[in-house]
């Protein structure tokens, strides 16, 4: 009588829970993106084979276990097909009661993760359509209330066992210290399915392998990794474990940068422009044109404040006098330091200073090289990886220059 009342209460609770929480559970991967168990697992043992004989002997072992009232009761509890029941089963070995209300992050990652992994069972169940033990032997299951739903469904692999091992793997990732007890409870669920007469031992063994295959695929989901991190943090908080602070992330995101810039007037250009004005006053046919400074630069960030690198600068000066035109090229290489004094995701400000060497092809042979410099007192950037920038300062690169920078 007590057993019948227990079963009725269990069935009523499962039905009510399912009705309340019935929904389409989103998965991290679609079914066709999960491992193919036809390829990944061996076929179930053929009738009459040594492996099948072992399955039959194990079925008889399961029937003997039903004589133990406590073990039989556990097997009937393990037969419940409901997430709340499954999570309650694993709450004790996990070390924390798992529920939608008290552990929402853990509940969500478990439900979605298990649902994702368990998509793999449909194809082999339909493909092999293996006869269940209680059907083959024409006997009742321990959990008779399951017979109607299970009689026409394939036995290989075991869905209950697959869910149990999936839960154990996910919960062990949240609480590694409980991995052994979680695995032991998952193994017990598999034994319960043999004891109930719902599955052969080879069905159960295959389900543990299937869970491992599905779990390895699950680990490749970025969304799963994010939700698992939230579940781990929730567990630490609820169990009052010291949360190790994450390494401080730098305010800067990229270590290297390259840039191209242009300035219509550099300090040298300004000097030559003044010379050109004087030349025009002295020689009526004197003309001068300046290309402006074109620069390429590279910097490597050493830390929050400092980057080191260098700038290569080219500009051309063209003059005309007495109906003769002359073109002169200037090349400069300036090692430099950048000081990053304001950094946000989309806006940055800095100063830049450097001193280097300049080569001018218009000077006499012994004077072609000289010292040059650039001091950009204010530089501003807008953007993240690609940035537009503007600098104001003085030197070979320009008095006011603009360009584009790529950070990586």
Take residue 106 and decide whether it is in the same structural domain as residue 169 (by TED's automatic domain parsing), touching a helix residue (DSSP H, G or I) at 6+ places or on another chain (Cβ under 6 Å) and surrounded by fewer than 16 Cβ atoms within 10 Å (Cβ to Cβ).
no
So for segment 258-277 (the condition being modelled with pLDDT under 90, touching a strand residue (DSSP E or B) at 6+ places or on another chain (Cβ under 6 Å), surrounded by 14 or more Cβ atoms within 10 Å (Cβ to Cβ) and over 27 Å from residue 388 (Cα atoms)), does at least one residue qualify?
yes
Among the numbered criteria (1) within 28 Å of the chain's Cα centre (by Cα); (2) in a loop (DSSP other than H, G, I, E, B); (3) within 29 Å of residue 136 (Cβ to Cβ), which single criterion is violated by residue 121?
(2)
Here is a list of conditions, (1) in a loop (DSSP other than H, G, I, E, B); (2) surrounded by 21 or more Cβ atoms within 10 Å (Cβ to Cβ), and residue 113 meets all of them except one; can you say which number that is?
(1)
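So, in segment 65-95, how many residues would count as being part of a loop (DSSP other than H, G, I, E, B) and either crowded, with 19+ Cβ neighbours inside 10 Å or without any contact (Cβ under 8 Å) to a residue 40 or more places away in the chain (or both)?
Pass one, segment 65-95, residues part of a loop (DSSP other than H, G, I, E, B): 66-68, 79-82, 95.
Still in the running and either crowded, with 19+ Cβ neighbours inside 10 Å or without any contact (Cβ under 8 Å) to a residue 40 or more places away in the chain (or both): 67-68, 79-80.
Counting residues in segment 65-95 that are part of a loop (DSSP other than H, G, I, E, B) and either crowded, with 19+ Cβ neighbours inside 10 Å or without any contact (Cβ under 8 Å) to a residue 40 or more places away in the chain (or both) gives 4.
Residue 167: in a helix (DSSP H, G or I), in the same structural domain as residue 234 (by TED's automatic domain parsing) and touching a helix residue (DSSP H, G or I) at 6+ places or on another chain (Cβ under 6 Å), yes or no? Before the answer, list the steps.
Values: in a helix (DSSP H, G or I): yes; in the same structural domain as residue 234 (by TED's automatic domain parsing): yes; touching a helix residue (DSSP H, G or I) at 6+ places or on another chain (Cβ under 6 Å): yes.
Answer is yes for this residue.
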Search result, residues across segment 190-244 that are more than 23 Å from residue 89 (Cα to Cα), in contact (Cβ under 8 Å) with a residue 24 or more places away in the chain and not in a helix (DSSP H, G or I):
221
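The values are calculated or read from the model by the stated rules, or taken from the named source; none is laboratory data. Fair warning: this is a prediction, and the values are worked out from it, not measured in the lab. Here Cβ is always computed from backbone atoms with ideal geometry, including for glycine, and neighbour counts include all displayed protein chains.
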